[in-house]
Amino acid sequence: MSDSEDEVKSKNLKLVLIGDGSSGKTSISTRYSQDQFERQYNQTLGIDFFMKRINLPNHTQVTLSVHDIGGQTLGGPMLDKYLYGADAVLLVYDITNYSSFENLDDWYQTALKFCNNPSKNIFYALVANKCDLEHLRAVKHEKHVRYAKEKSMQSFLVSAKSGESVNTMFLQIAAQILNIPLSRIQVEDEHRVIKAEIVKFKEVKPPKPPSKKSSICSIQ
Ligand SMILES: Nc1nc2c(ncn2[C@@H]2O[C@H](COP(=O)(O)OP(=O)(O)OP(=O)(O)O)[C@@H](O)[C@H]2O)c(=O)[nH]1
Ligand SMILES: [Mg+2]
């Protein structure tokens, strides 16, 4: 094996999450960056972003900068700046909210307009969030599949709440942009949910206090 095959390759990717307010962009970002979930809704004003480093096969280290855009920025003056230089655009909707799906096309058309760099192939992904709320689903899965097919997009079904498929999605997107094949095991590894066991410790009795008798001998 030559030295260059051993060398670590470093890559940077900019991923941007867009979509209607309350679809769960911040929650997906928080799940991925901190493995946490907040029930309470706090509207994102403008943009938030974080970086995460992941390892891909072939000694490739990728720094992902994930940009979480507030839902109210559509039609505003800043969206083109937020999208500038994106390698991937994740179009997020909430499966329990039909209008969040309907409005995605406006988001998509806007992203196409602002990311029209002919020298760059931007990766678009359709992300259905809140899959833990399947019983409240308002967007038929066929509609999701049809839209993704129509636009030749990769599509994902995730839950920021349970964490389902969140890590796998980011891993797969990074690998596909960089054209690095992933094995099934690598994908499943990310997919695995690790449950912590509750450990019951045995009661440990405190040591007996020392006996009152003195063990010191005095020689007179
Ligand atoms: N059940 C469930 N609730 C979720 C999920 N993701 C987000 N939520 C909830 O949906 C609400 C909105 O989530 P946010 O992540 O703040 O939505 P957002 O897309 O960032 O909204 P804006 O910042 O306004 O654009 C919050 O109350 C979250 O707790 C999910 O996967 N399942
Ligand atoms: Mg937000």
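Which of the residues spanning segment 47-103 are more than 14 Å from ligand 2 (Cβ to nearest atom), closer than 11 Å to Gly19 by Cβ and in a loop (DSSP other than H, G, I, E, B)? Those that are more than 14 Å from ligand 2 (Cβ to nearest atom), closer than 11 Å to Gly19 by Cβ and in a loop (DSSP other than H, G, I, E, B): Asn97, Asn103.
Criterion applied to Lys149, Lys143 was being over 18 Å from the mean Cα position of the chain (by Cα), touching a residue at least 12 places away in the same chain (Cβ under 8 Å) and on the phi < 0 side of the Ramachandran plot, and the one residue passing it is Lys143. Here is a list: Lys151, Lys140. Which entry is among the charged types (D, E, K, R) and either within 15 Å of ligand 1 (Cβ to nearest atom) or surrounded by 15 or more Cβ atoms within 10 Å (Cβ to Cβ) (or both)? Just a single option satisfies the conditions, and that option is Lys151.
Note on segment 1-43: among residues that are among the aliphatic types (A, V, I, L, M) and at pLDDT 95 or above, the one that is farthest from ligand 2 (Cβ to nearest atom) is Leu13.
Out of the residues in segment 74-104 meeting the condition of being out of contact with any strand residue (DSSP E or B) (no Cβ under 8 Å at 6 or more places or on another chain) and hydroxyl-bearing (Ser, Thr, Tyr), tell me which one is farthest from Leu136 (Cα to Cα). For segment 74-104, the residue satisfying everything is Tyr84.
Every residue, every condition in (1) more than 10 Å from the chain's Cα centre (by Cα); (2) closer than 19 Å to Val127 by Cα, yes or no:
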residue: Ile18; (1), (2): yes, yes
residue: Ser22; (1), (2): yes, yes
residue: Tyr32; (1), (2): no, yes
residue: Asp35; (1), (2): no, yes
residue: Arg39; (1), (2): yes, no
residue: Gly46; (1), (2): yes, no
residue: Arg53; (1), (2): yes, no
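The values are calculated or read from the model by the stated rules, or taken from the named source; none is laboratory data. Predicted model only: the values in this text are computed from it and were never measured. Cβ: placed from backbone, ideal geometry, glycine included. Neighbour counts: every protein chain shown.
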